[in-house]
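Accompanying notes for the structure given below.
The values are calculated or read from the model by the stated rules, or taken from the named source; none is laboratory data. Everything quoted here is computed from the prediction, not taken from an experiment. Neighbour counts are summed over all protein chains in view; Cβ atoms, including those assigned to glycine, are modelled from backbone coordinates with ideal geometry. Surface areas here come from the heavy atoms of the whole protein model, side chains and all, with no ligands, DNA or RNA. Shrake-Rupley method; radii C 1.70, N 1.55, O 1.52, S 1.80 Å.
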Amino acid sequence: AMKLQAPQFQALFTPGLRSVAELFEKKNYELRIAGGAVRDLLSGMTPQDIDFATTATPAEMKEMFTSAGVRMINNKGEKHGTITARLHEQNFEITTLRIDVVTDGRHAEVEFTTDWEKDAERRDLTVNSMFLGLDGMLYDFFNGYEDLKNKKIRFVGKANERIQEDYLRILRYLRFYGRIAEKPGDHEPSTLQTIKENAKGLAGISGERIWVELKKILLGNHVNHLIQLMYELDIAQYIGLPLDGNLEELDRVTKSIQNLCPKPMTILSSLFKVKDDVTNLDLRLKISKEEKNLGFFIVKHRQELTKAIGPEPLRPYQDFVMDSREANTNSKICELLKYQGEEHLLREMQQWTVPSFPVSGHDLRKMGVSSGKEIGTTLQQLRDEWKKSGYHMDKEELLSCLKKL
């Protein structure tokens, strides 16, 4: 048996958690940390959010919290057995151990149990199926800790059954592979075969859920390998990716973009050959307007908007920003530079502040230009001169330019 003593674990014991633990202990209900948080702690990481599991039923928890005067937050978790209690400015999501009775590949009907192994059995991957007692004792029914140490991603029990309970688990397998596995291509062939046989099930999963997983895959490791797999295993067509995605471009972009913190859409755009590919992705996944526009932008400008030869390589990008009438062009240009692998230019671009044009209509009136139309044309001419100077000319220089004009 293994007992965890890590500082990350000790740090979880806030006043809130101590109070919760006390309540459960008094009533002799078992309470353990579950799932992803255990995986993170065993990897030496501080978990982002912590799920707890217990032998107490929702009704028993509600009664216990109510009589102790603890506030409960109503998130619609109760029919899955989750109660959220709030103590010391902290929320605690606590779920009753459960068995899935019927599943339709998306939703499960559950019944409650006090058997920890039965609950672990219905979880997706071995590395996510462990529990941790508040004394640091590890409960690991499916060798999850071994798999974590060996950086292996495996389904709990039979892959076929786990996937058919919820087809999104195909993408979760790929996501955790990108998070935990050391090198690409280290899969059990039978697992890949099972995924391929079940890929079609993803057609029934909502676009929103798929996009959440896909974005995490795009931000993890082995992206090129995992997306190639999506094509080999027939997954791509069911999740909105183009049928003839540009895998050579993907390969090139993923190599050069690695340390530049791109947005998920920036990487994904490498698969798109035409604008319609972005539109089709949006129809399937309901991506945000900002994500869609970024996709359009990269597909449209990646070829012809490139650095200038000569002393000012950044000029074409700066000119583009200056000519643009849209608000967030600057951030789109930065994503384009990442896509193009232009690390030095990206850094320069991030430090560049957009200069503001120093001359106004008011200045021209003072110089005796009176008609509105003439003011408009003159301002445009001065803007062109300003642009030619690399945005360096100040108000005086521009106005003396006006005398020549």
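Do we have GLY157 as open to solvent by 10 Å² or more (accessible area, probe 1.4 Å), closer than 26 Å to ARG32 by Cβ, among the small types (Gly, Ala, Ser) and out of contact with any strand residue (DSSP E or B) (no Cβ under 9 Å at 6 or more places or on another chain) here? Against the criterion (open to solvent by 10 Å² or more (accessible area, probe 1.4 Å), closer than 26 Å to ARG32 by Cβ, among the small types (Gly, Ala, Ser) and out of contact with any strand residue (DSSP E or B) (no Cβ under 9 Å at 6 or more places or on another chain)), GLY157 qualifies.
Picking from residues in segment 47-90 that are in a loop (DSSP other than H, G, I, E, B) and in contact with a Gly (Cβ under 9 Å, 6 or more places away or on another chain), the one that is most open to solvent (accessible area, probe 1.4 Å) is GLN48. Please go through segment 246-267 and pick out each residue that is surrounded by fewer than 21 Cβ atoms within 10 Å (Cβ to Cβ) and closer than 18 Å to LEU283 by Cβ. Within segment 246-267, PRO264 is the sole residue that qualifies.
For segment 330-363, how many residues meet the condition of being open to solvent by 80 Å² or more (accessible area, probe 1.4 Å) and either part of a loop (DSSP other than H, G, I, E, B) or farther than 24 Å from ILE257 by Cα (or both)? Please lay out each step first, then the result.
Residues of segment 330-363 open to solvent by 80 Å² or more (accessible area, probe 1.4 Å): 343-344, 347-348, 350-351, 353, 356, 362.
Okay, now just the ones that are also either part of a loop (DSSP other than H, G, I, E, B) or farther than 24 Å from ILE257 by Cα (or both), so 353, 356, 362.
The number of residues fulfilling the criteria is 3.
Taken over segment 5-44, the residue count meeting the criterion of being at negative phi, touching a helix residue (DSSP H, G or I) at 6+ places or on another chain (Cβ under 7 Å) and not aromatic (Phe, Trp, Tyr) is 10. Residues of segment 202-227 that are open to solvent by less than 20 Å² (accessible area, probe 1.4 Å) and small (Gly, Ala, Ser): GLY207 alone.
Restricting attention to segment 197-217, the residues being under 12 Å from TYR238 (Cβ atoms) and assigned to a helix (DSSP H, G or I) number 10.
The combined condition, being open to solvent by 20 Å² or more (accessible area, probe 1.4 Å), without any contact (Cβ under 8 Å) to a residue 24 or more places away in the chain and of a type in the set (Ser, Thr, Tyr), is fulfilled by THR279.
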